[in-house]
Amino acid sequence: MRTRWIPIFLLVAGAARAQQPTEAPKKPSPEATAAERAARSPDDARTVMTKATRFLLKEQRKDGSWCSDAIETLSEAQFGFALETWYCFKLGANGLAIQALLVLDDTPEHRAALEKALQYFCTTRIPKRGSEWDVDYAWTSVEGFAALVAAAQDPRFQSADWQKAIQERAMAFYALLEQTQEPKGGWGYYEGPVVSRRPTWSTSFTTASVVPALVDAETKLHWLVNPKVRELAVKYVQQCALPNGAYEYDLNPIPRISGGEHINNIKGSLGRIQVCNWARRRAGDRSVTDDKLRAGLEAFFDDHKFLDEARLRPIPHEGYYAVAAYFYFFGHAYAGQVINLLPPAEREAWHAKLRAEIAKCQWKDGSFMDFLGSQHMQIASTSFSILALHAGLKADEPAKR
């Protein structure tokens, strides 16, 4: 009897298993799928860059500038920025656009756009501190100084007239940097209630953005810049470094980290890690080893979904781990610079990953955007993307130490 029931039992058990719902295969996220299909080779990157460059050239105004100096969206009205802030944002974006044009192939069209942009940048008025809680002329001085230091080293702008115009305007931005470097050594863009003429708050990533330009101004151009300004800035970025490999958003005597979804967790620091590691290495900090650079890049790509999730969110720091949308292309631009500090043989594999995460985000008109707002964000995002992609086209050059 027992042997006669075994087949029946197996049939019943098999039927029961067949009726149980099977788990549907997990679908990859749209962002991950897009990255898999996106540009990966250097030739692909050139195609993406060409479209992005066409956008920049098309959007350049007759006076050589880009974008408006006025608020353009209702969503940004909630921030309560000073009226002067929008002019500061315009100039910051223009500084990035100049940096992007400087790395492009030298064609008559590119040269004309670059000369017009520099002419505007060297003659427009220097921004002032607004009368509200923000001090966003920090972005003008940081990106403006970086752009002009790069232009001063460009072979196309070595004539006496260009060198005079570029250096004079660069030193005007440097004067702002000296005036606004807060006591701990960094630069920031918010102040809240006015405490003093000199701001009292700064961030790791704003400070790191300008450190290599300060190094080059001092050591390559031999401009009359105070070494202590650079030294304080480098020390500030170093002190923001956390044992887990992240960088604090801003420097505190006791680091602001409480576990969970915190902005100073690795996942909340993905965009800051790249620029801070790059700045320290370019400033000669030998503790930022190749292994440290690799660890930062590995975290960047392993946890990239948190940058994906935050991109295009209209509220700052709305993403998981308080990631803000505007860290997307900022982080990728400096990741490209970090990759080029590694040995040449391993760079292309990293750049292939980076290209995919950028190319998937290109809009039909060739532009890029991460934080929805006025056009300065579109110009900045597109410029950051060009800089990131271009870094992968010169991946065989010796690393800058």
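Read-outs throughout are calculated quantities, based only on the coordinates presented, and are distinct from any laboratory measurement. Please read these numbers as outputs of a predicted model, since none were measured by experiment. Note that each Cβ is placed from the backbone with ideal geometry, even for glycine, and that neighbours are counted across all protein chains shown.
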Q) Based on the Kirkwood radius over alpha-carbon pairs, what is the Stokes-Einstein translational diffusion coefficient of region 308-388 at 4 °C with 1.567 mPa s viscosity, in µm²/s? A) 99
**Q.** Förster radius 45 Å - calculated FRET efficiency between residue 295 and residue 200 (Cβ-Cβ, nearest 0.05)
**A.** 0.90
Q: Please state, as a whole number in µm²/s, the translational diffusion coefficient that the Stokes-Einstein equation yields for the chain at 4 °C and 1.567 mPa s, with Rh defined as the Kirkwood radius across alpha carbon pairs.
A: 58
Q | Principal semi-axes in Å for region 220-292 [√(5λ), Cα gyration tensor, largest first] | A | 26, 14, 9
Q: For region 196-209, just list the computed ³J(HN,Hα) in residue order, Karplus coefficients 6.51, -1.76 and 1.60, θ = phi - 60°, integers in Hz, with x standing in for Gly and Pro.
A: 7, 4, 7, x, 10, 9, 8, 10, 5, 6, 4, 5, 4, 4
Q | Reference-scaled alpha-carbon Rg (2.2 N^0.38 Å with N residues) for region 183-250 | A | 1.20
(Q) Take the residue pairs 51/116; 58/364; 116/394; 58/305; 235/353; 90/305 and return only those whose Cα atoms are more than 24 Å apart. (A) 116/394; 58/305; 235/353; 90/305
Q | Estimated vicinal HN-Hα couplings, Hz - region 109-115 in sequence order (Karplus 6.51, -1.76, 1.60; Gly, Pro = x) | A | 5, 5, 5, 5, 5, 5, 5
Q: Tell me which residues come under 5 Å, amide H to amide H, from residue 190 once H is placed; ignore anything under 5 positions away on its chain.
A: 135
Q. How big is the convex hull of the Cα atoms of region 110-179, per residue, in Å³?
A. 86
Q.
In Å, what Kirkwood hydrodynamic radius results for region 96-221 from the alpha-carbon pair distances?
A. 15.3
Q: Give me the compactness ratio for region 249-341, meaning the Cα radius of gyration over 2.2 N^0.38 Å.
A: 1.07
**Q.** Average projection area in nm² (convex hull over Cα atoms of region 138-201, one quarter of hull surface)
**A.** 4.4
**Q.** For q = 0.10 Å⁻¹, Debye-computed log10 I/I(0) when each Cα of region 40-141 counts as one equal scatterer
**A.** -0.34
Q. How large is ³J(HN,Hα) for each residue in region 369-375, as worked out from phi by the Karplus curve 6.51 cos²θ - 1.76 cosθ + 1.60 (θ = phi - 60°), to whole Hz, x for Gly and Pro?
A. 7, 10, 9, 5, x, 5, 5
**Q.** Dipole of region 274-401 [Lys/Arg +1, Asp/Glu -1 at C-beta], most positive-end residue of 316, 283, 381
**A.** 283
